[in-house]
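The structure under discussion appears below in the form of structure tokens.
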Amino acid sequence: MKRKTARQFCCGLAVMISTSTAWAQSGTWADQMFEKHEHDFGVVARGADAKYRLVITNKFAPDVRISSVTTSCGCTAAKPSKETLKSRESAYIEIVMDTKKFTLQKDSSVTVVFDTISDRPQHAEVRIPVKAFIRTDVVLTPGGAEFGPITKGADAERKISVAYAGRQNWAIRNVISKNPNITAKAVETSRGGGQVNYDLVVTVKGSIPAGEFRDMVTLVTDDQSNPFIPVLVDGRVDKEYTVSPELVDFGTLAPGAKKTVNVILRGRKPFTIDKIESEKSAGMFEVRLPAEAKPIRASLFSGGA
């Protein structure tokens, strides 16, 4: 029995030492948080919105703080979506390549510096190589289809000018979208003197789910060496009406006590609320509703135990 206990103790000690050693190696633990360790934007048009969200996840028990994010080249910018990550929490580094001021092959790197928030803080940094080839013969204006906030249930459309300088017979053969809620078509507007112009019309369908979206549509050209031109499509779909908070929590109330909770309702257009009803809680709550039509409304819910 004593020998078995000793063996178990030694085994547990070996695991603890191994884990501590791996944690202490500078950079090793931080590397594990990244979904990938480099990014290539590929071949992009001049003026294109070249953006990428590099996901990081805190896989450790202590909170992790992003101390700084820097780039090695003025052609690249990077910013974290949040600075502190709790255990198992994810965030992203937004990496942007400047395709307006820079052209041709651009190589850069993003360096992310981390600290752990614990009794024995650990410091580490991770370097992410970033590159892109920015074409000079194709220009997008604007650089992508930015939809911003749009209303769910209604189609929305954006137009991008595609200008080409070079071959007289250059053409866009097809436009590919892998998202069924996003469609796009290229319409030729002029051709002559080595200049070819198209309008790229991008449509986000009303069936797209609520929330943020980011996707790509791809122009397929007749270029033999680089036939594909990616175009960023992003934005946010808002519900026609939103309620905050979505769950009204009165907490624990003493018998006979009452509590009032303020609920904010937002709409895309001014609206009124006719009534609020519930089959299961009828008579338990009192609701005060404003009468005039407004896009933002505050309703008071009073409840008692």
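Read the figures in this text as sums done on the coordinates, not as results from a lab. Model, not experiment: these values are computed from the prediction. Cβ sites come from the backbone with ideal geometry, for glycine too, and all protein chains shown count toward neighbours.
I need the phi-derived Karplus couplings for region 100-112: 6.51 cos²θ - 1.76 cosθ + 1.60, θ = phi - 60°, integer Hz, Gly and Pro marked x.
For region 100-112, the Karplus-derived couplings read 8, 8, 10, 9, 6, 6, 10, 10, 9, 8, 10, 10, 10 Hz, x marking Gly and Pro.
Of the chymotrypsin sites (Phe, Trp or Tyr not before Pro) in region 156-241, which ones lie in a loop per DSSP and count no more than 12 other C-beta atoms within 10 Å?
Nothing satisfies the criteria.
Would you mind ranking Met33, Met216, Met97 by Cβ crowding within 10 Å, fewest neighbours first?
Met216, Met33, Met97
May I ask you to evaluate 6.51 cos²θ - 1.76 cosθ + 1.60, the Karplus curve with θ = phi - 60°, for each residue of region 191-207 and list the ³J(HN,Hα) values in order in whole Hz, giving x for glycine and proline?
Per-residue couplings from phi come out as 7, x, x, x, 10, 10, 10, 10, 9, 9, 9, 10, 10, 9, 6, x, 7 Hz.
Taking 0.36 nm per residue of separation and subtracting the Cα-Cα distance, what length does fully extending Asp40 through Val261 add?
The span from Asp40 to Val261 would gain 74.6 nm if fully extended.
Which listed residue (Trp170, Gly144, Ala186) has the Cα farthest towards the positive end of the charge dipole for region 78-198, taking +1 on Lys and Arg C-beta and -1 on Asp and Glu C-beta about the Cα centre?
Trp170
Would you mind checking which residues have amide H under 5 Å from Cys75's amide H? H placed 1.01 Å from N; only 5 or more apart, or other chain.
For Cys75, whose amide H was placed from the backbone, there are no distant partners under 5 Å.
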